[in-house]
2 protein chains.
Amino acid sequence: MLKHSDPLSLAFQALADPTRRQLVDRLIAGPASVTQLHEPLEMTMSAVVQHLTVLEAAGLVRSEKLGRVRTFQVDSDGLRRTEAWLHERRTPTERRLDRLEAFLDPTTDTPDATDTDTTHPNHHQARTDP
Amino acid sequence: MLKHSDPLSLAFQALADPTRRQLVDRLIAGPASVTQLHEPLEMTMSAVVQHLTVLEAAGLVRSEKLGRVRTFQVDSDGLRRTEAWLHERRTPTERRLDRLEAFLDPTTDTPDATDTDTTHPNHHQARTDP
């Protein structure tokens, strides 16, 4: 089985496992040690460490060692980059519907299909004044 | 190597390959036959068919046969479901920043962190009238 090592392939590969998605879910709530992450899971500590290693190599979590305890936390940038790839894949019809929706209801939070950087507040399509 | 067969794992697994992401990119532009999809790729027709089978099993593309030609197109629902999983994984800090951003600039298209159904235009956080 061919494995790919580009960042996006590593991220999607890492998320293709329910246990690893469960670990991401747990870490979204806040940082945790390997022991805390292992506790609710029915697997060996070494299996948990292996999953965390895959997630860290994929840039989805980060860890730091304080004394003897290694603490993990999510890497938001990695998760947002992966989400952005999917967000950019909207069909022309979806993009038109997004724009129509935003036009009909300006309070809608529909993401702008033409703007891939959702973290930037000032990118907004110009509107003609009535 | 353990493979998982739940829809989300299949989708992430399918996207963990650059060629398959390239096929999705091509199909975002519009439906295409296997011959058209094969043309720009440096691989055998059978490899292309195999990649398309993985994408179709993951619910990311659909195909239909008209006469002797099988035409593929993206399955937007599958792509949006996968994007939604990532969109829902925002840390409490990211959610607070999203809300702050939306508050400071009501024209911002920042997705509502509390609303996971981005396709629905009427879900919006209630505001107290001044």
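What follows is calculated from the coordinates using simple rules that are stated; it is not laboratory data. All values reported here derive from a predicted model rather than from experimental measurement. Because the Cβ atoms are built from the backbone with ideal geometry, glycine has one as well, and the counts that use them run over all protein chains shown.
For the range A:11-83, averaging the sequence separation of C-alpha pairs within contact (under 8 Å, six or more residues apart) and dividing by the residue count gives a relative contact order of 36 percent. In the assembly of identical copies, B:Thr53 has its label point, taken 7 Å from Cα in the direction of the beta carbon, separated from the corresponding points by 3.3 nm (ascending, one decimal). Couplings for the range A:83-89, taken from phi via the Karplus curve 6.51 cos²θ - 1.76 cosθ + 1.60 with θ = phi - 60°, read 4, 4, 4, 5, 4, 6, 8 Hz in order; Gly and Pro are left as x.
By the gyration tensor of its Cα atoms, with a ≥ b ≥ c the square roots of the eigenvalues, what is the shape of the range B:40-81: rounded for a/c under 1.5, prolate for a/b over b/c, or oblate? In terms of gyration-tensor shape, oblate.
Set the Förster distance to 45 Å, then compute FRET efficiency between A:Leu104 and A:Ala47 from the Cβ-Cβ distance, nearest 0.05.
0.35
For B:Val69, the label point sits 7 Å beyond Cα toward Cβ; its separations from the matching points on the remaining copies run 6.4 nm, from shortest to longest. Extending 7 Å from Cα along the Cβ direction at A:Val69 and again at A:Ser33 yields two label points whose distance is 0.4 nm.
The GluC sites (Glu not before Pro) of the range B:1-81 meeting both criteria, a DSSP state outside H, G, I, E and B (loop) and at most 12 other C-beta atoms within 10 angstrom of the site's C-beta, are B:Glu42. In the range B:1-51, the convex hull through the Cα atoms has an average projected area of 4.2 nm², a quarter of its surface area. Cross-link partners of B:Lys3 among lysines, defined as those whose alpha carbon lies under 29 angstrom from its own and excluding same-chain residues fewer than eight positions apart: A:Lys3.
Sorted shortest first, the distances from the A:His4 label point to those of the same residue in the other copies are 2.0 nm; each point sits 7 Å from Cα along Cα-to-Cβ. Other residues within the sphere of radius under 9 Å centred on the Cβ of A:Val74, judged by their own Cβ, net out at +1 (K and R +1, D and E -1).
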